[in-house]
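Read the structure below first, then the notes.
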Amino acid sequence: MRMIRCSAPVLAAVTLLLWATPEAVSLEPGPEPRRYEADCRTEIDGSRVTAHCHNPYPGTDRVRLHIECERWWDIDVDSAPAEVYPAGYVTLTDRCWKEIRAVWVTHQPLPSS
């Protein structure tokens, strides 16, 4: 029992040292966030999904709503692409017949015109 009590502080110190690796406490900046992706939030209400997207960036973003339905016979949904212009706002909505398994929005930058 004495061995466990003596090694507990050592184990805690080793754990702390391993947790605080140089990568964890590095002040180096991480990867740059994508500067074209509109901010999108999704809402699920029963079998209906709505995505609200706002583009705070100067470039145009093309967004699509994707819905994976729970039932095998219920067809998954991929919306038509919608362009979100700078400072623009888009609402996408679609549904499954029954339950929803997953929802996500994809982004595609459009070249400057």
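The values are calculated or read from the model by the stated rules, or taken from the named source; none is laboratory data. From a predicted model like this one, the values you see are computed outputs, not experimental measurements. For neighbour counting, all protein chains shown are included, and Cβ atoms are generated from backbone atoms with ideal geometry for every residue, glycine included. Just the protein is used for accessible areas: all its heavy atoms, side chains included, with ligands, DNA and RNA removed. Shrake-Rupley method; radii C 1.70, N 1.55, O 1.52, S 1.80 Å.
Stretching the chain fully between residue 62 and residue 43 yields a gain of 4.9 nm (0.36 nm per residue, less the alpha carbon separation).
Place a point 7 Å from Cα of residue 71 in the direction of its Cβ. Which residues in region 86-100 have their backbone N less than 12 Å from it? From region 86-100, the list is 96-100. For region 58-113, the per residue solvent-accessible surface stands at 66 Å², with DNA, RNA and ligands left out and a 1.4 Å probe.
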